[in-house]
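Notes follow once the structure below has been shown.
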Amino acid sequence: MPLFGGQHIPKPGEHKMVIPEGSWIKCKKCGHTLYTDRLADNTNVCWNCNFYFPLTAQARIKMLTDEGSFQEIDANISSVDVLGFKDSKQYSDRITESKTKSRLNDAVVCGKATLDQRPFMLGVMDFRFMGASMGSVVGEKITRLFEMALKKKLPAVMVTASGGARMQEGILSLMQMAKTCGAAQRLAAAGLPYIAILTDPTYGGVTASFATVADVILAEPGAMIGFAGPRVIQETTKARLPEGFQTAEFLLQKGLIDRIVERKNLRKELSILLDFLQKQ
């Protein structure tokens, strides 16, 4: 079989094998070539090195709810460029680009659902929309989620993935930290459970607010969780950071999170928690 540059040169009349686009993907951690259908069946976790690929909000919702039970709320709320902010490009253009890329109106999807017939309110952040940064719309939708949970006397669940506050909205973005925490506190005062599931990455104002005030805080293996990134902290403090700094495993040892749960077990774990906490 003649080879040139490592590739087979087809003979006249010989058919070249065509692999459909998107059939394979390379693992970002180990470089292993993965068959996308098998990867999806493995909950988007590399079977060679256990690297966790990000999931879309839709995939998360499908994983954590009964089929057809999710009813989205506040789907049409969309961010606006109230400050006329421009960095390398106009904020309004970034919003438009993110809507096209993610097919979402903003970085969080909220709604009511059931899991094993147990009703609850669910919010899922999607990193494809401007790094799931928390602006006014994200804060408003999460606050409304908590308020509806309070009104309907249901548990609330948030799945986080975020780079932090949305700098293009300035102080308006930072105000969402207090706003969401206030709504979460009203849930706690009413004795209603709030569960947070932290995924990679969860940073900035999201970590410093609603993500870490839940009654139960779960995290996926290897998830990076913190306020500022390790590089920024190391440059600021001029100190060598401990091994595994800001990983879910490190934070479990320090008591910030309650449990690390593999993605394949998240559905069952959440069902058990909803059943247990609703009986208290």
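Quick one: 3J(HN,Hα) in Hz for region 107-115, Karplus 6.51/-1.76/1.60 with θ = phi - 60°, rounded, Gly and Pro as x.
The phi angles translate into 7, 9, 10, 10, x, 9, 8, 10, 9 Hz.
Between K153 and K264, what FRET efficiency follows from the Cβ-Cβ distance if R0 is 25 Å, with the result rounded to 0.05?
With a Förster radius of 25 Å, E is 0.20.
Along region 153-167, what does the Karplus equation 6.51 cos²θ - 1.76 cosθ + 1.60 (θ = phi - 60°) give for ³J(HN,Hα), rounded to whole Hz, x for Gly and Pro?
Values, residue by residue: 6, 10, x, 10, 10, 10, 9, 9, 6, 7, x, x, 5, 8, 4 Hz.
Of all trypsin sites (Lys or Arg not before Pro) in region 192-273, which ones are in loop regions per DSSP and have a Cβ with at most 12 other Cβ atoms within 10 Å?
Listed in order of number, the matching sites are K238, R240.
Going by a ≥ b ≥ c, the root eigenvalues of the Cα gyration tensor, does region 152-280 fall in the rounded group (a/c under 1.5), the prolate group (a/b larger than b/c) or the oblate group?
oblate
Which helices, taking whole DSSP H runs in the chain, have alpha carbons extending 27 angstrom or more along the helix axis plus mean Kyte-Doolittle at least 0.0?
Span-like helices, by this rule, are 171-189.
Please list the non-local residues whose amide H lies under 5 Å from the amide H of M134, H modeled 1.01 Å from N, same-chain partners needing a gap of 5 or more.
Placed amide hydrogens put G164, A165, R166 under 5 Å from M134.
Take the alpha carbon gyration tensor of the chain, find the square roots of its eigenvalues, order them as a ≥ b ≥ c, and report rounded if a/c is under 1.5; if not, report prolate when a/b exceeds b/c, else oblate.
Prolate shape, in that a/c is at least 1.5 and a/b is the bigger ratio.
Quick query: amide H of F85 versus all other amide H atoms, modeled in the peptide plane; which residues come in under 5 Å with a sequence gap of 5 or more or a different chain?
Amide H neighbours of F85: Y91.
Full-extension gain between A228 and K89, please, as 0.36 nm times their residue separation minus the C-alpha to C-alpha distance.
47.6 nm
List the pairs from K101/K151; K29/K268; K153/K279; K28/K238; K179/K264 whose alpha-carbon separation is above 24 Å, in the order I gave them.
The answer is K101/K151; K29/K268; K28/K238; K179/K264.
As a test of reading the structure, rank C30, C49 by solvent-accessible area (1.4 Å probe, protein chains only), most first.
Order by accessible area, largest first: C30, C49.
Multiplying the sequence separation of K279 and R118 by 0.36 nm and subtracting their Cα-Cα distance, what value in nm do you get?
Using 0.36 nm per residue and subtracting the Cα-Cα distance, I get 56.8 nm.
Starting from the residue with the highest accessible area, list L64, L192 in decreasing order, probe 1.4 Å.
Listed by decreasing accessible area, they come as L192, L64.
If you place +1 on the Cβ of every Lys and Arg and -1 on the Cβ of every Asp and Glu, how big does the dipole about the Cα centre of the chain come out, in debye to the nearest 20?
Roughly 80 debye for the chain.
Helix-only estimate, please: 222 nm mean residue ellipticity of the chain, summing -39500 (n - 2.57) across DSSP H runs of length 4 or more and dividing by its residues, to the nearest 500.
-10500 deg cm²/dmol
Taking all protein chains together and a probe of 1.4 Å, list F146, F276 from the most accessible to the least accessible.
The residues order as F276, F146, largest area first.
For region 60-163, what is the percent of antiparallel DSSP beta bridges, rounded to the nearest 5?
75 percent
Arranged from highest to lowest average of other beta-carbon atoms within 10 Å per residue, in what order do the peptides 176-183, 158-165 appear?
My ranking of the peptides, most packed first, is 158-165, 176-183.
What accessible surface, in Å², does a 1.4 Å probe find on T247, ignoring ligands, DNA and RNA and rounding to the nearest 10?
Roll a 1.4 Å probe over it and T247 shows about 30 Å².
Probe radius 1.4 Å, ligands and nucleic acids ignored: give me the carbon and sulfur share of the accessible area of region 119-197 as a rounded percent.
65 percent
Sort region 59-193 into rounded, prolate or oblate with this rule: let a ≥ b ≥ c be the square roots of the eigenvalues of the Cα gyration tensor; rounded if a/c is under 1.5, and if a/c is not under 1.5, prolate when a/b is larger than b/c, oblate otherwise.
Cα axes put region 59-193 in the oblate bin.
Can you tell me the length gained on complete extension of the stretch V213 to T100, counting 0.36 nm per residue apart and subtracting the Cα distance?
Difference between extended and current length: 37.4 nm.
The values are calculated or read from the model by the stated rules, or taken from the named source; none is laboratory data. If you're wondering where the values come from, they're calculated on a predicted model, not measured in any experiment. With ideal geometry, Cβ positions are generated from the backbone for all residues, glycine too; neighbour counts draw on all protein chains shown. All accessible areas refer to the heavy atoms of the entire protein, side chains included, with ligands and DNA or RNA removed. Shrake-Rupley method; radii C 1.70, N 1.55, O 1.52, S 1.80 Å.
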